[in-house]
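These notes concern the structure reproduced below.
The values are calculated or read from the model by the stated rules, or taken from the named source; none is laboratory data. Since the structure is predicted, the reported quantities are computational estimates derived from the model, not experimental observations. We place every Cβ from the backbone using ideal geometry, glycine too, and count neighbours over all the protein chains shown.
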Amino acid sequence: MTFEAENLAHDQLTSVHAAMSAELELESSLISVSMVGRRILLEGYVADYADREKATAIAAMIAGPENVQDRLRDVEEMAFASLVLELSLPEVTPP
């Protein structure tokens with residue numbers, strides 16, 4: 001039984017990789033796809049929210065939406081986080 005479950009997980013993982021690579025409008029080279037139990041885990045970086053939605057939709061079509069965990073970061077989110085950090089740091093004046 002365990003062997004069949006492992007094969008199913010491997011097939012899903014392979015299918016998600018292939019589907020993302022086939023999506024020409026999605027830069028999938030910065031997306032890491034792995035399995036944690038029965039869940040597909042998406043990590044890495046995407047250009048924008050639309051690419052994040054594409055990546056999670058592809059994984060959800062294969063594994064089911066309840067089995068996809070999105071840990072992707074997009075460039076807009078990273079830029080906003082950098083700006084917030086920059087604005088929150090105290091100004092340092094040279095001696």
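Mind checking whether some residue in segment 40-62 is out of contact with any Lys or Arg (no Cβ under 9 Å at 6 or more places or on another chain), at pLDDT 90 or above and among the acidic types (Asp, Glu)?
Yes, segment 40-62 has at least one match.
Check whether at least one residue in segment 75-87 is in contact with a helix residue (DSSP H, G or I) (Cβ under 9 Å, 6 or more places away or on another chain) and modelled with pLDDT under 90, and report yes or no. Can you show your working first?
Kept after step one, since they are in contact with a helix residue (DSSP H, G or I) (Cβ under 9 Å, 6 or more places away or on another chain), are these residues of segment 75-87: 76-77.
Those still in the list that are modelled with pLDDT under 90 too: 76-77.
Yes - at least one qualifying residue is present in segment 75-87.
Can you name the residue in segment 33-65 that is assigned to a strand (DSSP E or B) and under 14 Å from His17 (Cβ atoms) and is also farthest from the chain's Cα centre (by Cα) among such residues?
The initial filter retains those residues of segment 33-65 that are assigned to a strand (DSSP E or B), namely 33-36, 39-46.
Next, only the ones that are under 14 Å from His17 (Cβ atoms) stay: 33-35, 40-44.
Values: Val33: 7, Ser34: 10, Met35: 12, Ile40: 10, Leu41: 7, Leu42: 3, Glu43: 4, Gly44: 5 Å.
Checking each candidate, the answer is Met35.
Based on what the data block shows, is Arg73 more than 17 Å from Ser15 (Cβ to Cβ) and basic (Lys, Arg)? Full working, then the answer.
Values: more than 17 Å from Ser15 (Cβ to Cβ): yes; basic (Lys, Arg): yes.
In short, yes.
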